[in-house]
Amino acid sequence: MPSNKDGGRSLKSVASIEQAFERRYQRVWVDELLVPGSTSWPYNVRVGRPSMRELEGDFAAIDAQLQRVRAWAESRGLACTYEMRRVGRHTYRLLSHVGASDVRMLAAAVGRSKHFLGYEQRLEYLRDGFPLVDDAGLRRVLVGMNACDMSDVDFDLTCRAAQWFSCHTASEMTAREVPLEGFHAKWLDAVGHRSMICVLAGIDGLEFRERPHVVRFRYLDPGYLARGGRAHDCWVEGDCAEPAYVPKVVVICENRDSALWFKPVAAGVAVQGDGMAGAGIIGTIPWVAQASCVLYWGDIDRQGFEILSKYREGGLNVQSLLMDHATYEQYQRFGTYTDKGGRQIAPKPEARALAGLTEDENSLYLQLCSPDFVGPRRLEQERIPLDVAQRSVLDRLSVVR
């Protein structure tokens, strides 16, 4: 019996034909909404053309397969095209192509009728509500909505927000202060929402009063703490306040508990990291950048090394703390295979060496990313005792001196 795989003279399976129609639908649905009939029709998929030898060798099996395809096509309202083929002494009418004459037939064939109708209605609403937006802009909005599988509720929010921003400015407000029901910062920051609003409102961007970055830290100098000074402080972007003393040692701790209870270090401070966001702001604080010893202590996992690399790529002269093979091997029994939601931590097979890591750090990073690695993919920093971290810092400083 001929193969059901695509290509050559082999017969296509129902699944492969359906996939071809789905790919076609994804390519043309927006064009057909904006300009009906703008793509070529009908769209036909060749079922396959068995050779004479194949027909004579197993005609019954070939005919059965063609009947399955025809039954599926007719059930989806598709057009069937036939050709006459001679097999031995007889001539048979065999299915050759399955086709759709327009986008609605195509949508029905792949179960997308509701999708097409829904976006047809949305386009009508957009054209009525935003008559100044051209087809190129409408295309961007429709594609964006489809990419995020936008619900009707979010569609309504997007349109109401665009109408408001076309007449008002929010430069003196935070995102949460914009007077729209159901509209808040998290919704606004979702993928694509801002760009779609801007296209519809005819503006270049949304301006808000942004919150200043806040970085929390703890003083570690034992002499200063003995005098009864405050142990905890914060740096606020744009504020002129300086720390109680200029630190010589800065330990950036990704885990809050590690920063809150880090052990004493002369002229030191422990700064609470903030993931990738912190890597973009903490290194710009003058007294961090100017400290003689800056250390980053994060989880031994993919994200921890990527954050460390970002700090260095941003220009901060920072060393890693307890993020090496020896530490991992010593404490890996406390490592985890799952995230906080109980899901398996996935490998990152496409990972490459990071520009901001040393050779040894990259070696461990790539090991943790590898699909072949069988050990825990995350060793959280709080599983390592704080006195071990303190001793590592003091040993580092004694070498420097």
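The values are calculated or read from the model by the stated rules, or taken from the named source; none is laboratory data. Predicted, not measured: the structure shown is a model, and the values here were computed from it. No Cβ is skipped: glycine too gets one built from the backbone with ideal geometry, and neighbour counts run over all protein chains shown. Each accessible area value is taken on the protein alone, full model and side chains, heavy atoms only, with ligands, DNA and RNA left out. Shrake-Rupley method; radii C 1.70, N 1.55, O 1.52, S 1.80 Å.
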Check: What is the residue count in the range 255-295 for residues that are among the hydrophobic types (A, V, I, L, M, F, W, C), over 28 Å from the mean Cα position of the chain (by Cα) and farther than 21 Å from Arg230 by Cβ?
Finding: 4
Note to self: If I ask for residues that are farther than 29 Å from Val103 by Cα and among the acidic types (Asp, Glu), which ones from the range 44-92 would you list?
What the structure shows: Glu54, Glu56, Asp58, Asp63
Next item on the list: Might you let me know whether the range 337-358 holds any residue that is touching a helix residue (DSSP H, G or I) at 6+ places or on another chain (Cβ under 7 Å) and aromatic (Phe, Trp, Tyr)?
Entry: no
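Could you check the range 91-126 and list, in sequence order, the residues that are among the polar types (S, T, N, Q) and open to solvent by less than 40 Å² (accessible area, probe 1.4 Å)?
Matches in the range 91-126: Ser96 only.
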Note to self: Among the numbered criteria (1) touching a strand residue (DSSP E or B) at 6+ places or on another chain (Cβ under 9 Å); (2) under 30 Å from Gln390 (Cβ atoms), which one does Tyr224 miss?
What the structure shows: (1)
Next item on the list: Please go through the range 313-324 and pick out each residue that is surrounded by 22 or more Cβ atoms within 10 Å (Cβ to Cβ) and either more than 18 Å from Lys248 (Cα to Cα) or free of Cβ contacts under 8 Å to residues at least 24 places away in the same chain (or both).
Entry: Met323
Item checked: Residue tally, condition open to solvent by 70 Å² or more (accessible area, probe 1.4 Å) and free of Cβ contacts under 8 Å to residues at least 24 places away in the same chain, over the range 373-397 -> 3
Checklist line | Out of Arg216, Arg312, sole residue that is at pLDDT 95 or above and either among the hydroxyl-bearing types (Ser, Thr, Tyr) or more than 27 Å from Glu329 (Cα to Cα) (or both) | finding: Arg216
Checklist line | Positions within the range 38-70 being of a type outside the set (D, E, K, R), farther than 14 Å from Tyr82 by Cα and touching a residue at least 12 places away in the same chain (Cβ under 8 Å), in sequence order | finding: Thr39, Trp41, Pro42, Tyr43, Ser51, Met52, Leu55, Phe59, Ala61, Ile62, Gln65
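Could you count how many residues in the range 251-289 are assigned to a loop (DSSP other than H, G, I, E, B), over 15 Å from Trp235 (Cα atoms) and open to solvent by 10 Å² or more (accessible area, probe 1.4 Å)?
Matching residues across the range 251-289 total 7.
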Checklist line | Matching entry among Tyr224, Tyr245, Tyr296 (being of a type in the set (Ser, Thr, Tyr), at pLDDT 95 or above and in a helix (DSSP H, G or I)) | finding: Tyr224
Item checked: Residue check for Glu74: among the acidic types (Asp, Glu) and open to solvent by 60 Å² or more (accessible area, probe 1.4 Å) -> yes
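So that you can scan it fast, the table gives a plain yes or no per residue for (1) among the hydrophobic types (A, V, I, L, M, F, W, C); (2) open to solvent by less than 60 Å² (accessible area, probe 1.4 Å):
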{"position": "Thr174", "(1), (2)": "no, yes"}
{"position": "Arg194", "(1), (2)": "no, no"}
{"position": "Ile203", "(1), (2)": "yes, yes"}
{"position": "Arg209", "(1), (2)": "no, no"}
{"position": "Gly229", "(1), (2)": "no, yes"}
Next item on the list: Check Gly88, Gly129 and return the single one that is within 30 Å of Trp187 (Cα to Cα), of a type in the set (Gly, Ala, Ser), open to solvent by 20 Å² or more (accessible area, probe 1.4 Å) and more than 28 Å from the chain's Cα centre (by Cα).
Entry: Gly129
Margin query: Which numbered condition in (1) of a type in the set (Phe, Trp, Tyr); (2) within 27 Å of Arg139 (Cβ to Cβ); (3) part of a helix (DSSP H, G or I) is the only one that Phe183 fails?
Written below: (3)
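One residue is enough: does the range 341-359 have a residue meeting the conditions among the acidic types (Asp, Glu) and either closer than 30 Å to Asp233 by Cβ or open to solvent by less than 70 Å² (accessible area, probe 1.4 Å) (or both)?
no
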Check: Limited to the range 1-51, what total is found for residues that are within 30 Å of Val133 (Cα to Cα), modelled with pLDDT under 95 and open to solvent by less than 40 Å² (accessible area, probe 1.4 Å)?
Finding: 1
Item checked: Set Ala147, Ala161: member being modelled with pLDDT under 95 and surrounded by 13 or more Cβ atoms within 10 Å (Cβ to Cβ) -> Ala161
